[in-house]
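Asker: Have a look at this one before I ask anything.
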Amino acid sequence: MPYQNPQNSNLFKKMSVPNEIHLRREKVVPAIERLKTYIEDAKNAGMKEIRVIHGRAGSGDMRRAVHELLSAHPEIEKFYSAPPAEGGPGATIAVLTISPHS
């Protein structure tokens, strides 16, 4: 086995974290907590960009909560609505801050 402790491998971390998180049909508070954890995992894996699938139907509470978190999160440089081919108004793309050692 090449790694005795795969969790210490940057390659293992990158391969273990998906490039998007699905929050549709979840309650807002637990979904936002999951998103916070996901952002940290993505940052630790060295990812530059993530996609948050929040859905476009309903009251818009999830989208607002996601945007509120992203606008205040120190690890997020910027975010924007996904292009139509990537989810349109039902998804948000977030660009993570770049670490000095990246």
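The values are calculated or read from the model by the stated rules, or taken from the named source; none is laboratory data. Note that the structure is a prediction, hence the values are computed from the model and not measured. For neighbour counting, all protein chains shown are included, and Cβ atoms are generated from backbone atoms with ideal geometry for every residue, glycine included.
Asker: Just to confirm my filter: which helices (runs of 4 or more DSSP H) fall fully inside the chain and include at least 2 residues that are at pLDDT below 90 and loosely packed, with under 11 Cβ neighbours inside 10 Å?
Answerer: Those helices (runs of 4 or more DSSP H) do not exist here; none qualify.
Asker: Turning to a different aspect of this structure: If the requirement is being in contact (Cβ under 8 Å) with a residue 24 or more places away in the chain and either of a type in the set (K, R) or more than 13 Å from L35 (Cα to Cα) (or both), which of these qualifies: E77, E86?
Answerer: Exactly one of E77, E86 is in contact (Cβ under 8 Å) with a residue 24 or more places away in the chain and either of a type in the set (K, R) or more than 13 Å from L35 (Cα to Cα) (or both), namely E86.
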